[in-house]
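The values are calculated or read from the model by the stated rules, or taken from the named source; none is laboratory data. Only a predicted model underlies this, so the values are computations on that prediction, with no experimental measurement involved. Note: ideal-geometry Cβ built from the backbone for every residue, glycine included; neighbour counts use all protein chains shown. In case anyone asks, the SASA skips ligands and DNA or RNA and just uses the protein heavy atoms, side chains included. Shrake-Rupley method; radii C 1.70, N 1.55, O 1.52, S 1.80 Å.
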Amino acid sequence: MADPDRPMGCSPGRSPQRLIAHLDMDAFYASVELLRRPELRGLPVVVGGRRAAGQATPEGDWPRLRDYTGRGVITTATYEARAMGVHSGMGLMKAAALAPNAILLPADFDEYRRLSRRFKAAVAELAPVIEDRGIDEIYIDLSEVPGARDAVGFDPLGGARALAQELKNNVRRATGLSCSVGLAPNKLLAKICSDLDKPDGLTVVMAEDVPSRIWPLPVRRINGVGPKAAARLEALGVHTVGELATWPQADLVAEFGAAHGHWLHEAAQGHDERPVVTESEPVSISRETTFERDLHPRSDRPELGRIFTWLCERVAEDLQRKGYAGRTIGIKLRFDDFRTVTRDHTVEQPTQDGAAIREAAGQCLKRVNLSRRLRLLGARVGSLVRLGRDGLPLAAPRAPQAPARPPTLASSERVVSPTGSVATAARRAAVMDEQTLPLFPEAEDAA
DNA sequence: TCTGGGGTCCTAGGACCC
DNA sequence: TCTGGGGTCCTAGGACCC
């Protein structure tokens with residue numbers, strides 16, 4: 001497939017050498033907290049938990065990890081806390097055993113988003129081709145940035161490195177925060193090498209450096225090789241990227257299937273042609289919550305019903321605020337044994353209406369065996385379309401398959417608005433009639 | 001005392017159409 | 001009457017990422 005963005009003058013069939021940066025903010029959430037609490041610098045600090053206090057007592061005591069009880073995981077840990085074995089994703093109770101005196105702060109996502117916008121704007125001043133990879137990291141295509149292009153191929157330690165250093169300086173000026181940058185011919189290598197010298201690192205890896213710099217690393221460092229794939233490779237005697245690189249592609253395909261096998265083979269060679277994608281549309285919007293204690297579908301029915309309705313309304317609110325509607329309404333349940341099930345249901349017209357979402361989600365819930373306690377409940381809307389000011393989809397959703405039912409509704413039926421449209425009221429009433437035994441009937445009252 | 005919340009992408013089977 | 005292949009949509013689960 002030809003790359004439409006290929007610069008003029010490059011021979012067809014062979015991609016031009018690109019210069020890609022991956023920029024990763026160092027311990028982002030924790031670093032943001034230290035910006036406004038400089039007295040905590042140098043101490044082990046973790047961000048996480050739902051009920052952490054977030055401020056010192058009048059006596060100047062900060063909440064400690066050992067005082068926390070309940071569910072939750074570490075979102076970020078400062079490097080001082082990481083030195084004690086604590087890392088993100090770790091359960092708070094387990095972390096408390098390792099670092100009881102670490103200071104625990106609650107997450108403040110509004111503030112993180114504010115600084116996220118700032119650091120991205122600071123990068124955009126110098127290099128505008130940016131791919132968003134979440135709140136704390138981005139890819140940057142530097143290929144066309146003046147001064148960088150000339151550096152490709154013959155002076156990676158000169159112009160390109162100087163430009164990356166400028167990016168870091170700009171980010172620090174704008175936010176007071178440090179970041180680590182990886183510089184490479186593609187996203188795969190840039191991502192790996194931004195992690196090689198954290199924090200405040202700047203690492204350059206060119207194609208010819210792959211054997212010496214990349215092959216000694218564990219396969220897990222490849223973005224896309226997770227715990228499962230790593231374990232399977234381990235079982236095959238493959239621990240490092242270099243060992244993976246010795247495998248013939250055919251053997252990897254036989255072992256992992258065509259798509260995954262081919263990708264693993266390319267990744268081990270340091271090959272990656274994915275472009276830096278500057279714009280994308282969301283595929284789904286969801287809300288979920290883990291309960292403080294597991295709830296029983298029967299004895300805790302009223303509470304579950306309220307939570308279920310609340311989640312659907314939050315999703316509807318998110319859709320309305322962002323200007324989307326969706327046709328596929330889904331639910332997610334996690335049982336006390338951590339087993340997760342999902343159900344979804346596609347409706348005829350995209351909706352962003354909380355009541356309509358709640359109804360479809362209720363239909364989904366009927367198809368789940370509810371004999372165990374639940375620890376998590378979630379609601380999701382997918383197959384999104386962006387809505388214009390008139391409340392109609394900007395790009396019409398794909399027409400549903402030829403209906404196997406009488407065409408009772410006009411094809412021009414409006415999208416269900418937040419207030420609910422006349423056209424859908426009859427259908428909604430029909431759905432209600434089918435609900436001989438609503439699973440969480442109390443929710444209807446609470447709503 | 002296990003294991004958050006927000007996402008994306010892939011696979012695979014069945015329905016349905018041409 | 002039987003056999004069939006390709007394409008798309010829908011659904012469920014799972015791997016993975018930040």
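Of all GluC sites (Glu not before Pro) in segment A:235-328, which ones are in loop regions per DSSP and have a Cβ with at most 16 other Cβ atoms within 10 Å? Those that pass, being in a loop and sparsely packed, are A:Glu273, A:Glu279. Computed from the Cβ-Cβ distance with R0 of 25 Å, the FRET efficiency linking A:Lys94 to A:Val277 stands at 0.10.
Accessible area of A:Thr57 (1.4 Å probe, protein heavy atoms only, ligands and nucleic acids ignored): about 60 Å².
Measuring between their Cα centroids, segment A:209-223 and segment A:105-128 lie 30 Å from each other.
In percent, what relative contact order does segment A:219-276 have, based on Cα pairs under 8 Å that are 6 or more apart in sequence?
That works out to 26 percent.
Note on A:Leu236/A:Asp294: beta-carbon distance plugged into 1/(1 + (r/R0)^6) with R0 of 22 Å gives a FRET efficiency of 0.05.
Taking label positions 7 Å along the Cα-Cβ direction at both A:Glu166 and A:Glu348, the computed distance is 5.8 nm, reported to one decimal.
Rounded to whole numbers, the Karplus 3J(HN,Hα) couplings from phi for segment A:58-74 are x, 7, x, 8, 9, x, 9, 4, 5, 8, 7, 10, x, 7, x, 10, 6 Hz, using 6.51 cos²θ - 1.76 cosθ + 1.60 with θ = phi - 60°, and x at Gly and Pro. Restricting the calculation to Cα atoms, segment A:45-163 yields a radius of gyration followed by a Dmax of 19.8, 60 Å. Both radii come from the Cα set of segment A:219-276: Rg as radius of gyration, Rh as Kirkwood radius; their ratio Rg/Rh reads 0.93.
Select from segment A:66-165 those GluC sites (Glu not before Pro) which occupy a DSSP coil region and have at most 14 other Cβ atoms within 10 Å, ordered by residue number. Don't skip to the answer; put the middle values down first.
Working: sites: A:Glu80, A:Glu111, A:Glu125, A:Glu131, A:Glu137, A:Glu144; in loops: A:Glu125, A:Glu144.
Of the GluC sites (Glu not before Pro), the ones in loops of segment A:66-165 whose Cβ has at most 14 other Cβ atoms within 10 Å are A:Glu125, A:Glu144.
Taking 0.36 nm per residue of sequence separation and removing the Cα-Cα distance, the A:Ala250/A:Asp197 pair yields an extension gain of 15.6 nm. May I ask you to give the percent of accessible area on segment A:29-108 that is carbon plus sulfur, with a probe radius of 1.4 Å? Ligands and nucleic acids excluded, carbon and sulfur give 53 percent.
Tell me, what is the FRET efficiency for A:Asn223 and A:Asp390 to the nearest 0.05, using R0 = 45 angstrom and their Cβ-Cβ distance as r?
0.65
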